[in-house]
Every structure is written in C-alpha cells, then in structure tokens.
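Following: one structure in structure tokens, then a few remarks.
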Amino acid sequence: MDQKLSRRDFSKLLFTGAAGAALGMFAHATPAFAAKNHVVIIGGGFGGATAAKYLRKLDPSLAITLVEPKTVFQTCPISNWVMTGLKTMPDITHTYNALRTKYRVAVMNDTAVTIDAAAAKVTLKSGKVLHYDRLIVSPGIDFKWDAIQGYSKSIAETSMPHGFQAGAQTLLLRNQLLALKDGSNVLICPPANPLRCPAAPYERASLMAMYLSKYKPKSKIIILDDKEKFSKQELFMQGWERLYPGKIEWRAATAGGKVEGVNAEAMTVATEFGDEAGGLINIIPPQKAGKIAFDAGLTDASGWCPVHPVTFESTIHPGIHVIGDACHAGDMPKSGFAASSQGKVAAAAIVALFRGQVPIAPSLVSTCYSLLGTDYAISVAGMYKLSAGGIVDIPGAGGVTPMDANNEHLRQEAIFAWGWYKNITQDIWA
C-alpha cells in the first residue's frame, strides 16, 4: 500500500485529538435537554470507557453507568512489551478514577449476567437490576475453547497461555519465558482471522526473539499459523531477517502451520506434518464475541455482532449498541484504537437519537504500531467510510511503513508507538 499520509502527520492527527474531530460529530453538539436519559455501558475497555467519557462531554444531563468487573483495566496493547521486560504491569494499568470524579460516571465493579432487551434492563451478578434508555455493550472477545483438540481454559491458565487478555496471562507468559531452558523452542500458534489485534502474535514473536537473542541464544521461535498470510507480513519478515536472522520460522497453514491438537503434559502441538515440541507454547484460540453478547442473542452465525454502521446499534436488538472487538465493523480491524473510535461514534449517535436528530454518518480511523526491537517499529493506519456494503477502507487515505524505511525512520516509529499508547490511554482514562 502506498504511503499517502506521512507517519509523522498521521501521528499528529491521532495525538492532538483530531481523531475525535475527524468523526465529524463533536463540534456540532448542542445544549443538553433537561430530560435525564440513562445509558448503561457493559465493559470498561477501550470502547466502553471511551463511550462513557464522550457521552458525558456531549451531554452533561445524562445518567451514565459503566459496569466493569475489574477495578483497574490492563491493556492488551503494550502487553507484549511487558512480557519481554520492556515495560511493567503498572505501565499498562489504568484506573476509573477520572471517569468517576471528573466525568461523573457511576462505575460499578460488577458483572452483567443477563440482558433483557424487551424490558430494557440488565441484571448484574450482585443481583442489582439496571434499567436503561440505551445500552452499549463492549464485552471484548471470548475464545472457542473446543476448536483445538486437547486445549481448554484450564490449560490456558496453567501451561499453554494465550496472552490475549492482559493481566494474569501476560505475567504467565513472561514467567514462562524467563524460565525457558536455553535450547528449547517457543511455539506461537495464531488462529485464522478475524482475531483481536491481527498483528499482535507477530509483534510478540519479534520481542520474544529479541529476548532470546540476548538470554537464550540456542532457542528459536516457530510460528504455526492457521493462515496463509498475516498483517504487515512483508515488513515483519524483513525486520526479522535484519534483527534476528534464523531466529523466527513462520509456517503457513498449508505448510504445516495448522494446529490440530495439543498435548499439555508432553508440551507438544500436533500438525498435519507431525508433532512439534516447545518449552513455551503460546496457543491463541479462535475467537468470538464476549459471553454476554452471546447470552443476549446479539451475535449471528459468524460469532460476532452485526450492527448498523452509522450508530453501531445492533441489527438484532434495537436500543443496544455493540462496539469494539465484539462487533462486526466491516473493514475495520479489531483493535483498541478502532474500539475507541467506535465508542465516540456510538456516544454521538446516542445523544443525537435522544434529541430526535438523525445521527451523522461517521468517518472512522484506526492505527496499529508493532515493535520489533527497541529502536525498530512498523505501523499501518487506515481511514474508513460508509458504503452500501457497510464500513469500508478508504484507499490511499492511511499509510504503512515503507519497505525501504531507513534506520532513523524505524527508530522514530518506535518513539511514536509509545507516544500513541500514552495519548490514547490519556484520552480514555484521564
């Protein structure tokens, strides 16, 4: 893809908050009505927390309740950096203090267990019942535990972590990496698309290779992939050859990469071409929308939630908006930045609907930085519009790190990667 927008200019667009303005909605906010409508939000991640903040910014009269079981939120973005010692858990941990105090959001550390769409109410694990005028569901992902023979949630929590939900999984992978015997291989097994943060498994392989090169020089990484190609593949493979020659081997699904089963006791993975042993095995199962979305009947046969692209309102249950990884958003990737963009769109649409206005068709943005080494990063940025077929990529409107980028360019990308993270989390949780 040609680079139509410079990386520096696109970063400025994101970091200065122009991404919100690019949605084309917030500058036209009108004074709030006196009516106190109640919006309930399930999930306090990139999508849900953004929606809560921007609902308050757009309409001070709203009653807003955010339901999130965790008292702090630990992000999947940058968690690969934590696994390999570049950052620590406090660096990716964020509180809900600002939402509570500055934005007057009622944050309830509880779990939504049922949604009654007909009665417009949510029942929580504590037994409390919340009635809503509009509901936002941002539950993230769940896993298809039965998709790989021999794999299970308990195995993920003990011997073969997935690392796709930050926190305990992040630390488990880090501890296994530290304990790895020099000479034992690392197996990383990504699923077919769609998946959360499509580039994450390959950033993980890059940073683990950096660690192994320094501390476990006899070990290597084998990626057993359930795909024939992956996000930013040429850039990743070029980086691997430059930084870690011979350290990372990638196998496509038809070249023995498809995982058919696992043996947690023997620490092996079964493929069409035989068993592969690893001292650390990172199984990333196929994914689907979070459990509450399934239980509420918000999903279709794809396992994801279909939505109207202008408002992110469910096509199945009116009055419920689904954002983030759980929804099917056309060409938009399942990423933290995409979820935050969708949170802003849903907030603006809900305020417009409360006021009897027609929501404005949004423009949406997403960007993804991947760190391959301390001074080497690559990125892709996209802008999206609505079409008859839903949300589609605007050709040439974003950009990707060029294949001929020099060392200084790649070093700047690494600086932008951490700057991107600090700015988006500041925008959401501060």
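Each reported figure results from applying straightforward, stated rules to the coordinates on display, with no laboratory input. In this text, all values refer to a predicted model and were calculated from it rather than measured experimentally. So basically every Cβ, Gly included, is an ideal-geometry build from the backbone, and we count neighbours across all protein chains shown.
Numbers below:
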quantity	calculated
GNM top mover of LEU178, LEU212, LEU55 - the chain, alpha-carbon springs below 10 Å	LEU178
C-alpha long axis of helix 336-354 to longest principal axis of the chain, angle in °	10 degrees
Whole-number D in µm²/s for the chain (Stokes-Einstein; Kirkwood sum over Cα pairs; 10 °C, 1.306 mPa s)	72 µm²/s
Computed FRET value (nearest 0.05) for HIS38 with GLU241, which takes r as the C-beta separation and R₀ as 51 Å	0.40
GNM flexibility winner over the chain from ARG134, ARG251, ARG242 (Cα, springs under 10 Å)	ARG242
Taking the convex hull of Cα positions in segment 57-123, its mean projected area over all directions (nm²)	6.4 nm²
Computed over segment 152-283: relative contact order in percent, which uses C-alpha pairs under 8 Å that are six or more apart	31 percent
Net dipole in debye of the chain [+1 Lys, Arg Cβ; -1 Asp, Glu Cβ; about Cα centre; nearest 20]	1280 debye
Global form of segment 152-283, assessed from the alpha-carbon gyration tensor, a/c cut-off 1.5	rounded
Length released on extending from ASP110 to GLU260, taking residue separation times 0.36 nm less the Cα-Cα span	50.3 nm
Percent of C-alpha pairs per 5 Å bin, segment 249-347, short to long	2, 12, 18, 15, 10, 10, 12, 11, 7, 3, 0
Convex hull per residue volume in Å³, alpha carbons only, for segment 316-360	80 Å³
Spin-label model distance (nm) - ASP300 vs ARG100, 7 Å beyond Cα toward Cβ	4.0 nm
Order by protection proxy (mean Cβ within 10 Å, highest first), peptides 288-301, 403-416, 196-209	196-209, 288-301, 403-416
Ordering of 257-264, 305-312, 153-160 by packing [mean C-beta count within 10 Å, highest first]	305-312, 257-264, 153-160
Long pairs among LYS144/LYS344; LYS70/LYS291; LYS214/LYS422; LYS229/LYS258; LYS36/LYS102, criterion Cα-Cα beyond 22 Å	LYS144/LYS344; LYS214/LYS422
Computed Kirkwood radius, in angstrom, where 1/r is averaged over Cα pairs of segment 107-177	15.0 Å
Order of ILE284, ILE136, ILE316 - criterion: other Cβ atoms within 10 Å of each residue's Cβ, fewest first	ILE316, ILE284, ILE136
